[in-house]
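Enquirer: Sharing a structure with you now.
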Amino acid sequence: MANVNDRVCIIGGGPAGISAAMYLQKKGYQNYEIYEKLNKVGGKAYSPRISVNGEERTYETGAIMGAKTYYAVHEVEEFGGATHEDGPNMRRMYRNSKGQEIFPFDPKKDFSPKKLLDLIKLKKQMKKLVEIMNTKYRGYDCYGHIGVANGRYYGLSKMEGNALQHIEGVNPNLKDLALPFDEFCRINGVEEVMKIWIGPYTSFGYGYFDEIPAAYVMKYLDTTTAIEFVAMRLWTWKEGTQSIYEKANEKLLHPAHLNHEVVKVERPADGKVYVTVKGPEGEKVEEFDKLIVTTPLDYFKNYADAREDEKELFSKIIHEKYVDFIAKFDENAGPTISGYIFDNMVPERLGHAMVYYHRWEDQKANCPSTVYALRNHLGSKDVTYDYTIRTMEKDMALCGFPVKERLYEQESYYCPHVSPYDYADGWYDKLEAMQGKQNTFYAGEIISFGDMEDTCAASKDIVERFF
Ligand SMILES: Cc1cc2nc3c(=O)[nH]c(=O)nc-3n(C[C@H](O)[C@H](O)[C@H](O)COP(=O)(O)OP(=O)(O)OC[C@H]3O[C@@H](n4cnc5c(N)ncnc54)[C@H](O)[C@@H]3O)c2cc1C
């Protein structure tokens, strides 16, 4: 039963946690706390400041961009006073595995009749995909996955004009979305689109098309968002994506408690939730009425009194191991534009650099660039972190940009999802049935998709429906 006087605990101060607090506050809740284990909010929206030629600017090591379909993120922007109007333009070129420039989508460059025919085929199939998604797969474009495995849709709409409105309905064809994306494309005769979708999907760390249910691909790259990506009409933030959540956090009645890690959750029969928090002053136990978990659910059992059904369900979660570093180059010896290395976006090339991001056009060849690679794939052996870093550096050298220094590096717990088998088995309906048990609500990336928009929209949905 919703009660605005309830005391609510939010674990995690990333996009999901900060937006959950914002939506609670908008609904009249004044008694909530956010615990964030790090000394900053924003989670994987992390934009460190680096000084180049004596001038300090933000560089991205986590989230970079959005699109006009970032409706929930826009609500967080408006709440905090952030804007995507001032961000740097996205620009890119393409390279092969040898580091040479290629022109896969320009029929005039390296012209051959076959290339032209292939591009015409690609264009036709992209059109076909848009058509079937709006007809055969009507209802696919809402956030979250409730009902999809059973041929239903239920959630906040992503559709322009209807965005963030609750929609629901029946469409048995939606069951196909549990298939791996490559199989989904084959049964619909649109295999060519993978050649484009792979850029904003695999190179952005979201996995390979033979392992990821089509639902994740199409809910993230819904046809409107995909077109915005192809046309490079993207949102970026001068102060970095982190600033969206920092600004919103400042406007909250109760900003996040930084350096406070939740180390224990107990939910005894009295209906309360007892949360042990470890902060600079030691450990303390706080009593709450409700709990919103925005952090990885497969880790929840490590510190919470997880029930058997929680342990069982959460053990099915898989995540990508996405590695990136900010590379510094010798003076005037770095890239001047971002690069996509298409040949490296296949499982056989695990650990290879797939993309590098050049943020500030005016810094030309002196701009530090962020380089990205995946080191895992379902059914393959992981490559090691060290191998990945070495291989990424070699790839950058092949492109003509030997890395002088890595200014920052990380591996992210990235894009939590479930396998096509577990998806078809109704994993999301099982999760939905558990929402609210023992006053616990699950939010964050797993609910819809591992990007800022889907996580913020999931927080909105959960607060709207359960609080
Ligand atoms: C390299 C990279 C590139 C990306 N690019 C994009 C992009 O261009 N566009 C886009 O939309 N998205 C992008 N993303 C994804 C986006 O950043 C994430 O989907 C989003 O940050 C998820 O938000 P979240 O709040 O669910 O989780 P997180 O951002 O992971 O936040 C979770 C927070 O919980 C904290 N925490 C964990 N455990 C505890 C605990 N026990 N107690 C207290 N706090 C805890 C963590 O420190 C963290 O701050 C990118 C991510 C990465 C890593």
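Enquirer: With no solvent and one equal point scatterer placed on each C-alpha of region 353-395, evaluate the Debye formula and give log10 I(q)/I(0) for q = 0.20, 0.21 Å⁻¹, two decimals.
Expert: Debye curve over Cα of region 353-395, log10 I(q)/I(0) at q = 0.20, 0.21 Å⁻¹: -0.68, -0.72.
Enquirer: To one decimal place, what orientation-averaged projected area in nm² is obtained for the convex hull of the Cα set of the chain?
Expert: 22.0
Enquirer: Inverting the mean 1/r over all pairs of different Cα atoms, compute the Kirkwood radius of region 382-434 and quote it in Å.
Expert: Taking every pair of different Cα atoms in region 382-434, averaging 1/r and inverting gives 14.6 Å.
Enquirer: Let me ask you something else. Could you order the peptides 461-467, 156-162 from most to least packed, using the average number of other C-beta atoms within 10 Å per residue?
Expert: The most tightly packed comes first, giving 461-467, 156-162.
Enquirer: If you average the C-alpha positions of region 115-187 and of region 405-466 separately, how far apart do those two centres end up, in angstrom?
Expert: One Cα centre to the other: 19 Å.
Enquirer: Here's another thing I want to ask about it. Could you pull the Cα extents of region 105-230 along its three principal axes, largest to smallest, in whole Å?
Expert: That works out to 48, 30, 27 Å along the principal axes.
Enquirer: Modelling each spin label as a point 7 Å along the Cα-to-Cβ direction, I'd like the GLU283/GLU331 distance in nm, to one decimal.
Expert: 5.4
Enquirer: Given points 7 Å out from each Cα along the Cα-Cβ axis, report the LYS128 to GLU266 separation in nanometres with one decimal.
Expert: It is 6.1 nm.
We did not get these values from a lab; they are worked out from the coordinates using the rules stated. Everything quoted here is computed from the prediction, not taken from an experiment. Virtual Cβ from ideal backbone geometry, glycine too; neighbours counted across all protein chains shown.
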